[in-house]
1. Taking only the stretch 99-123 into account, find how many residues are modelled with pLDDT of 95 or more and near the ligand (Cβ under 10 Å from one of its atoms).
2. Let me confirm something: among 242, 197, which residue is within 16 Å of the ligand (Cβ to nearest atom) and either more than 18 Å from the chain's Cα centre (by Cα) or aliphatic (A, V, I, L, M) (or both)?
3. Would you say residue 238 is under 18 Å from residue 260 (Cβ atoms) and not acidic (Asp, Glu)?
4. Look at the stretch 236-263 and say how many of its residues are open to solvent by 20 Å² or more (accessible area, probe 1.4 Å) and in contact with a Pro (Cβ under 9 Å, 6 or more places away or on another chain).
5. Please work out which one of (1) open to solvent by 30 Å² or more (accessible area, probe 1.4 Å); (2) touching a residue at least 12 places away in the same chain (Cβ under 8 Å) is the condition residue 43 fails and give its number.
6. Within 27 Å of residue 234 (Cβ to Cβ), out of contact with any Pro (no Cβ under 6 Å at 6 or more places or on another chain), outside the structural domain of residue 63 (by TED's automatic domain parsing) and within 16 Å of the ligand (Cβ to nearest atom): does that describe residue 135?
7. In the stretch 108-133, how many residues are farther than 14 Å from residue 170 by Cα, open to solvent by 10 Å² or more (accessible area, probe 1.4 Å) and touching a strand residue (DSSP E or B) at 6+ places or on another chain (Cβ under 7 Å)?
Amino acid sequence: MKNFTIYGNPVIHSKSPQMHNAGFRQIHFNGNYDKTLIEDGKDLKNHFLNEHISGANITVPHKEIAFKEADKVKGIAKKIGAVNTYINKDGKVFAYNTDAPGFLKAIEEFEGIKNAIIIGAGGTAKAIAVALTQADIEVTVLNRSKNKLEFFKNLDCTVYSWDDFICEDYDLVINSTSAGLKDDEYPTSLEMLEDILNVSNYAIDCIYGKMTPFLQKAKENGLTFKDGEDMLLYQGVLAFELFTGVEADKELVEAMRQGLKES
Ligand SMILES: NC(=O)c1ccc[n+]([C@@H]2O[C@H](COP(=O)([O-])OP(=O)(O)OC[C@H]3O[C@@H](n4cnc5c(N)ncnc54)[C@H](OP(=O)(O)O)[C@@H]3O)[C@@H](O)[C@H]2O)c1
């Protein structure tokens, strides 16, 4: 049996075990996916190797330290500076970022996206901005505070804080803040948000499983919208392919989606 896990702090709420174990059952793969609380990110790599974990996901707040400690970082993760997937290759840690391509997969059904505005400038916003710019989509980033904007400037994104925002036209608006996760807040002032939604066609919230105030406003403004479920699902599907070497078909993706809904 091969062992897999998700590392984070906290990790108790994670749906990844249900999602991956449902995938393993679907393809009759002899694996088990667990969750592991790691308080100090420096302990993550040792745990992964000493416990002979075959593959793992990494969530908040350890994605950046996991990037630094990996033996080899692959693909788009090099540009993001954060990883969410570890693979054990003969005792060496290979690290990947599937959040970025997972996000692109999640917005595939939104047609003709040429430019997007990301509200928020945290870790998730970084992965999304790199994914979008690599897909030749122009990116604007709007964040509450100024101090996280440097990364995005270096990516050639247009950046604003709330103080200096000038609204243009956007095909897609993305809420990558945690506003609405445990509160009823909008990710910007209501006035600013209405301005943005007025000139946008599509909206996606990274928060999943609830109708956030942001999504509610997107709906009222007639945008096509979705929550973060597909984003979570597809980063998982892409990690699953790395774990098992099996290319996901529709049935497998559906099994993993159902797994996400298990309690
Ligand atoms: N669906 C998925 O698969 C998935 C994956 C990852 C994350 N997420 C979700 O994405 C969100 C962001 O995660 P993260 O890891 O990027 O977090 P993070 O690194 O902590 O960044 C949080 C961002 O949200 C902003 N923010 C927080 N509270 C706000 C408020 N009340 N109003 C306006 N801005 C606010 C922060 O702005 P300041 O810089 O001003 O503090 C910062 O830009 C979370 O809700 C998380 O659950 C979803």
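The values are calculated or read from the model by the stated rules, or taken from the named source; none is laboratory data. Values in this document were obtained by computation on a predicted structure and should not be read as measured data. Cβ coordinates were reconstructed from backbone atoms using ideal geometry, including for glycine residues, and neighbour counts include every protein chain displayed. The protein model used for the area step is the full one, side chains on, heavy atoms only, and it has no ligands, DNA or RNA in it. Shrake-Rupley method; radii C 1.70, N 1.55, O 1.52, S 1.80 Å.
1. Looking only at that region, the number is 8.
2. On the way: 242 fails: within 16 Å of the ligand (Cβ to nearest atom).
Matching residue, one of 242, 197: 197.
3. Numbers: under 18 Å from residue 260 (Cβ atoms): yes; not acidic (Asp, Glu): yes.
So residue 238 fits the description; yes.
4. 1
5. Of everything listed in (1) open to solvent by 30 Å² or more (accessible area, probe 1.4 Å); (2) touching a residue at least 12 places away in the same chain (Cβ under 8 Å), residue 43 misses just condition (2).
6. Criteria not met by residue 135.
7. 1
Residue-wise test of (1) open to solvent by 50 Å² or more (accessible area, probe 1.4 Å); (2) closer than 30 Å to residue 14 by Cα.
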| position | (1), (2) |
| --- | --- |
| 138 | yes, no |
| 143 | no, yes |
| 146 | yes, no |
| 158 | yes, no |
| 164 | yes, no |
| 170 | no, no |
| 184 | yes, yes |
| 201 | yes, no |
| 213 | no, yes |
